[in-house]
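Let me begin by presenting the structure, written as structure tokens, before commenting on it.
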Amino acid sequence: MNYDNLLEKAMNELPEFKEEFYRQIERDSIDTESGNHTVFSLVFVPLFCDSIKHNQPETTTKMANFIETMERSNDPYVQEVSSFTILEELSDLYSDEVLLPFLKSETQKSLYNIRQYIPNNN
């Protein structure tokens with residue numbers, strides 16, 4: 001996985017992501033030229049939140065596993081999308097008690113680092 005194929009990987013591994021991506025294009029929220037940070041902020045994060053809100057642990061786990069894959073990528077730009085776009089936004093919205101049960105080791109480390117500057121106030 002690298003920055004250039006990140007969107008394609010997400011669409012291939014997460015059908016709900018692909019569906020929402022095209023839904024957002026139809027709504028003119030994003031377009032095919034939107035960058036990865038924008039797409040993951042406007043598509044991935046809301047999907048993850050919806051899966052928590054609607055108690056869909058299978059979807060939440062699948063998405064959390066994708067974040068873990070991003071965190072383990074050798075491409076630092078992929079890690080930036082994961083940490084600075086996805087995890088920072090999620091850490092603003094949810095407590096560690098909500099997030100940690102879904103997160104694997106590398107993602108937990110990133111969340112811990114984020115908590116150094118975004119406190120767990122949820």
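Give region 86-98 a look and list any residue that's hydroxyl-bearing (Ser, Thr, Tyr) and crowded, with 16+ Cβ neighbours inside 10 Å, or say none.
Ser91, Tyr94
Does region 81-98 contain any residue that is among the hydroxyl-bearing types (Ser, Thr, Tyr), over 11 Å from the mean Cα position of the chain (by Cα) and not in a helix (DSSP H, G or I)?
Yes, because at least one residue in region 81-98 is among the hydroxyl-bearing types (Ser, Thr, Tyr), over 11 Å from the mean Cα position of the chain (by Cα) and not in a helix (DSSP H, G or I).
How many residues does region 81-122 hold that are in contact (Cβ under 8 Å) with a residue 24 or more places away in the chain and under 18 Å from Ser41 (Cβ atoms)?
19
Could you tell me which residue of region 67-82 is farthest from Asn120 (Cα to Cα), considering only residues that are surrounded by fewer than 21 Cβ atoms within 10 Å (Cβ to Cβ) and of a type outside the set (D, E, K, R)?
Asn74
Got a number for residues in region 74-103 being of a type in the set (A, V, I, L, M, F, W, C) and under 15 Å from Ile118 (Cα atoms)?
Here is the first cut: in region 74-103, the ones of a type in the set (A, V, I, L, M, F, W, C) are 78, 81, 84, 86-87, 90, 93, 98-100, 102-103.
Narrowing the set further to residues that are under 15 Å from Ile118 (Cα atoms) leaves 84, 86-87, 90, 93, 99.
Of the residues in that region, 6 qualify.
Please determine, by comparing only the residues of region 20-66 that are buried (at least 16 other Cβ atoms within 10 Å of the Cβ) and among the charged types (D, E, K, R), which one is nearest to Pro101 (Cα to Cα).
Only one residue fits best here, namely Lys62.
I need the full set of residues from region 99-108 which are surrounded by 12 or more Cβ atoms within 10 Å (Cβ to Cβ) and outside any loop (DSSP other than H, G, I, E, B), in order please.
Leu99, Leu100, Phe102, Glu106, Thr107, Gln108
When both residues are 6+ apart or on different chains and their Cβ atoms are under 6 Å apart, which pairs have a first residue that lies in region 51-72 and is at pLDDT 95 or above, and a second that is in a helix (DSSP H, G or I) and among the small types (Gly, Ala, Ser)?
Thr59/Ser51; Thr60/Ser51; Ile67/Ser82; Met70/Ser82; Glu71/Ser82; Glu71/Ser110
The values are calculated or read from the model by the stated rules, or taken from the named source; none is laboratory data. Just so it is clear, the structure is predicted and the values come from calculations on it, not from any experiment. A quick note on method: Cβ atoms are made from the backbone with ideal geometry, for glycine too, and the neighbour counts reach across all protein chains shown.
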